[in-house]
Protein chains: 2
Amino acid sequence: MFQIDRDSKTLLVDQVRQGILGGIETFHWVQGSRLPSVRALARQLGVSVFTVASAYEGLAARQVIEARPGAGYFVLPVRGDEPLGEMDEAVGPANVQGHFLYRALDPVRYELPVSAGYLPPDWLADAVPPTVTGRLVRNALASSRPAPAAGSDELRGAIARRLRDLHIDASSQQVVMTLGATHALSMIRKVVLREGDYLLAEDPSYLLLQLKSIKQPDFNLITVPRLRDGPDMDAFEAAVARYRPRLFLTQTLVHNPTGGSTSPSKAQRIVSLAERYDFHVVEDDVYGPLASQPTPRLASLDGLRRSFYVSSFSKVLSPALRVGYLVAPTALVEPLVEAKMCDLLCGSALDETLVTDTLHAGRYQQHLITLNQRVMRARATARQWLSKAGVIFDDRSPDGLFLWGRMPDHLDLPSMIEQAHHAGIFLAPGSLFSHGRHYDRHLRFNVAYCNVPAFKAFFQAQLALARAT
Amino acid sequence: MFQIDRDSKTLLVDQVRQGILGGIETFHWVQGSRLPSVRALARQLGVSVFTVASAYEGLAARQVIEARPGAGYFVLPVRGDEPLGEMDEAVGPANVQGHFLYRALDPVRYELPVSAGYLPPDWLADAVPPTVTGRLVRNALASSRPAPAAGSDELRGAIARRLRDLHIDASSQQVVMTLGATHALSMIRKVVLREGDYLLAEDPSYLLLQLKSIKQPDFNLITVPRLRDGPDMDAFEAAVARYRPRLFLTQTLVHNPTGGSTSPSKAQRIVSLAERYDFHVVEDDVYGPLASQPTPRLASLDGLRRSFYVSSFSKVLSPALRVGYLVAPTALVEPLVEAKMCDLLCGSALDETLVTDTLHAGRYQQHLITLNQRVMRARATARQWLSKAGVIFDDRSPDGLFLWGRMPDHLDLPSMIEQAHHAGIFLAPGSLFSHGRHYDRHLRFNVAYCNVPAFKAFFQAQLALARAT
């Protein structure tokens, strides 16, 4: 939940109080839930019973929690949308290790990007057929024109047709090409959010959200815990009721970084709440094609009335391409295209042509199946040796490209990440994915890089060394 | 200057008053300059002497202008940075013909984009050597990695070396790859401008500035008249003194759309004023490579202390590519890369590799020379027949890709643009380039499309018909 920093100048009792406020603020404890007993929390944090009792009494005096004799301490309802105070320092993005974050956003400089979000070059060697690259000279460069602002009509049509397989019923007019999924998310934020609006996300989730300057317009970020089958729905309902967010950002299939998929019943509940509380949902499905057990997409349940569907070819065809797309409710297509024009006029016709031709070449579906199988095999192998080395996996059946593992307690994780860095190995600590700075003992592993002997040797040596000392 | 709309519900006297306020607001008349005589303006606008006299008296009563007996009416100093009022409706972007504007921002849907800003495919057929496209499969796709956030190091280095030929002394670290020049301008605006800041531009200038939603953050746009040798410097000094803008956006070489280049002495004066009034300058040099008579770039005079240099390969290699770049003062590089990450992580490694390999293939310089000669020949031919057909060119020696011509008075320009549209010919009225909605009798011609027989036939027929009726 939260940790005590013994080197900090902040009093222990204040650290405990701030930690509990942080847990309430990030919806780990919602209204009515019972806090750990004074004794249990004291043991867990390694502080005295007196310290925890003082922190609880202080919070009870502020009417944030209440003591129920014989039963323990309970969280009281929070009024208004003001933060509980003292929160920024405790759980805000200011404390994210900026150092790690910048590396994590630009992992291409590493030889072994073990925590990165893209596949190795040789896994994608056949993704674009040679016939397509051959045609490129004739088709894209020789008919050298800018791409239309909304993207190639042919490609938008091909995407709309493919979406029917996912039971997402969209016209090609609703498909807008973007420069990758990140660009799609940024366009949607700009069009939907106004200054001061609330954006609801999950914890852990999307790395980029931890970058302060992402807030254009200046929205407020709130998070709810992500469980293995989707968001914590008690926390979710409390958060939408309290903050009335304009936008909820989620990944239904193979959530990044945890690998879980949202259950259909939770997805259905989110759609209902979106209707009731009048917010939009952005379903980022960029890793969806790498799920071995597909479940329904949220956009198909909602019928694209309040939801945006976002995906990309950069992951499964080539990270050297920037071709993603969004599918939007019809009324929002025009402002989205306009936002794109203001930022960069249009995408790369060369890249769009390459994707169009690849889809038409007829091997794409088979490529996805092969890739999927390869990811599954790599996942099984990696999980096995990582477990043996001491990594703890909380979830028994995650899926997709990532493994999300907790490091053994005796390991000095920041020091290992630093040593990996110097060995050309990119490792991202879990706290980078967490607005509440939780998961600081976790690592995100990209299974496609895990079984490379150089990484295996490095990692096993590190863990053996930690055990020995 | 401004026109009278006889169908408007606004009284003629109010239209004249608003028109004069517009002229002062857009620095066509600066402090101390003499307005036209009552009689001359009445004749020019086709209204009564009484109407103009009433408008002048109203403005004199508001102390915007003053009467000097025997000498005429003179513009008084304007205090503060408040608009003179009633301006938004009269000269604001709200009146831009949105209809034309949207077409103009997405001209690729036309067969003959005569007013567009890019070259025809066959002019660029040899721009990317076949050896480069051949290598593409091996280099870019086969080593399928994302581009670094700031862009390919190799390409940034190659650009920094080429900039030395323009006497722009930049390290490769100061070069940031962008998705075209529009993207570079949008990144700079986001990093430099705060809510409510003033952006100074020229009139006429960059089409996209007329799009209301470009204002993220919500800056104020002010313009000064563009003359054949650069901005009107009296207006420029009045504007920077009054509004203290944060950013001045300009094109030193072959200004778009007028084709003039800023004289070295004006460029030097702008650099001094930037120092004195503490603003940044963005030099958009996207059309610079198509100038036949290169003059010094502003960034070379300033030494990149207060200036940004922006250019692109999309114009001269292929509009199917989105590869541009900006060169920034060192201290601003990091926030610019961060702004890029927030919006779209990185550019297309495929496109960047294609440009890198083309620069290394050693034919690029020769390609530019050939292209330049072809533009000059097309310009001479087009100018000759357009003049003969009745188009009036104010400037005797413009340069670059565009001709900026005034249509004969008897021609119904909006109707001709509409007919051209239905014939698949894209024509952009001059008012689209003007924040003050001036130049509504002008057209921007891309010389590379002007000599196509289909356009020539259409245009000559239209002008002959107009003469006959």
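Of note:
- Filtered by the rule that a residue be farther than 21 Å from residue B:180 by Cβ and assigned to a strand (DSSP E or B), the range A:152-202 gives A:175, A:198, A:199, A:200, A:201, A:202.
- Residue that is closer than 17 Å to residue B:315 by Cβ and either in contact (Cβ under 8 Å) with a residue 60 or more places away in the chain or surrounded by 22 or more Cβ atoms within 10 Å (Cβ to Cβ) (or both), where the choices are B:360, B:367: B:367
- Matching helices (runs of 4 or more DSSP H) fully within the range B:1-76 where at least 3 residues are at pLDDT 90 or above, surrounded by 13 or more Cβ atoms within 10 Å (Cβ to Cβ) and touching a strand residue (DSSP E or B) at 6+ places or on another chain (Cβ under 6 Å): B:49-61
- Subset of the range B:38-73 (residues that are among the hydroxyl-bearing types (Ser, Thr, Tyr) and closer than 15 Å to residue B:2 by Cβ): B:51, B:56
- Taking every residue in the range B:221-239 that is among the charged types (D, E, K, R) and pairing it with any residue that is assigned to a strand (DSSP E or B) and buried (at least 22 other Cβ atoms within 10 Å of the Cβ), at least 6 positions away or on another chain, the pairs with Cβ-Cβ distances below 6 Å are B:226/B:202; B:232/B:224.
- Single match in B:355, B:375, B:337 (criterion: touching a strand residue (DSSP E or B) at 6+ places or on another chain (Cβ under 7 Å), part of a helix (DSSP H, G or I) and either at pLDDT below 95 or not polar (S, T, N, Q) (or both)): B:337
- Only one entry of A:254, A:281 meets the criterion of being outside the structural domain of residue A:394 (by TED's automatic domain parsing), buried (at least 18 other Cβ atoms within 10 Å of the Cβ), part of a loop (DSSP other than H, G, I, E, B) and within 16 Å of the chain's Cα centre (by Cα), and that entry is A:254.
- Looking at B:318, B:300, B:311, B:272, just one residue is surrounded by 24 or more Cβ atoms within 10 Å (Cβ to Cβ), in the same structural domain as residue B:184 (by TED's automatic domain parsing) and not in a loop (DSSP other than H, G, I, E, B), and that residue is B:311.
- Hey, residue A:417 outside any loop (DSSP other than H, G, I, E, B), among the β-branched types (Val, Ile, Thr) and under 26 Å from residue A:468 (Cβ atoms) or not: yes
- Residue within the range A:199-217 that is under 13 Å from residue A:280 (Cβ atoms) and within 12 Å of chain B (Cβ to nearest Cβ) present: no
- Residue in the range A:129-143 that is part of a loop (DSSP other than H, G, I, E, B), modelled with pLDDT of 75 or more and within 13 Å of another protein chain (Cβ to nearest Cβ) present: yes
- Entry remark, the range B:304-344: residues being basic (Lys, Arg), more than 8 Å from chain A (Cβ to nearest Cβ), out of contact with any Phe, Trp or Tyr (no Cβ under 8 Å at 6 or more places or on another chain) and within 20 Å of residue A:348 (Cβ to Cβ) number 1 in total.
The values are calculated or read from the model by the stated rules, or taken from the named source; none is laboratory data. Every value quoted in this text rests on a predicted model; they were computed, and no experiment measured them. All Cβ positions, glycine included, derive from the backbone under ideal geometry; neighbour counts span all protein chains shown.
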